[in-house]
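Note sheet for the following structure.
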Amino acid sequence: MVIPQLPLARQLDIVFQQLRNELSLHPSGTVFIQIRNNLIGKFGVRHLPFEAKDGKFEQQHQKGLSGTQISSFLRVAKESLAYKAHWTHGEIYMDYTVRQSMLCASVMFESNYNMAHLMPVD
């Protein structure tokens, strides 16, 4: 049975659906997505749960992203796909933070290539 490949934008819908609870807990972090053959494999959120000040650890008790902010973040992620060009393997890193109740986000792409696929076979 052949399963049709979902477009990356639809795959992002699924990723953000899975990350919704985690994003709602953390006011800042990085969403990472690994892509192989234009399919999302591993994904998750990197965040700092606490900081140290003067040698003392302080937990951050800030509220995470709201439902509206998560939807906006997903829209930014989908719009960023227009800048993914000519690569099928790589990673997408989406940094986010909430400042004065406003979502700020940036997106970075990393393309990956494998030299073994480029070498001639004898």
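S72 fulfils the conditions (1) assigned to a strand (DSSP E or B); (2) free of Cβ contacts under 8 Å to residues at least 40 places away in the same chain; (3) surrounded by 12 or more Cβ atoms within 10 Å (Cβ to Cβ); (4) more than 12 Å from the chain's Cα centre (by Cα) except for a single criterion, (1).
Within the stretch 21-47, the set of residues being surrounded by 14 or more Cβ atoms within 10 Å (Cβ to Cβ) and not in a strand (DSSP E or B) comprises E22, L23, S24, L25, H26, P27, N38, H47. Let me spell it out: the conditions are (1) modelled with pLDDT of 95 or more; (2) out of contact with any Gly (no Cβ under 8 Å at 6 or more places or on another chain); (3) not in a helix (DSSP H, G or I), and D95 meets all of them except one. Which number is the exception? Here D95 meets the rest and fails (2). Of all the residues in the stretch 76-88, those that are surrounded by 13 or more Cβ atoms within 10 Å (Cβ to Cβ) and either modelled with pLDDT of 95 or more or of a type in the set (D, E) (or both) number 5.
The values are calculated or read from the model by the stated rules, or taken from the named source; none is laboratory data. All figures in this text were calculated on a predicted structure; none of them were measured in a lab. Neighbour counts are summed over all protein chains in view; Cβ atoms, including those assigned to glycine, are modelled from backbone coordinates with ideal geometry.
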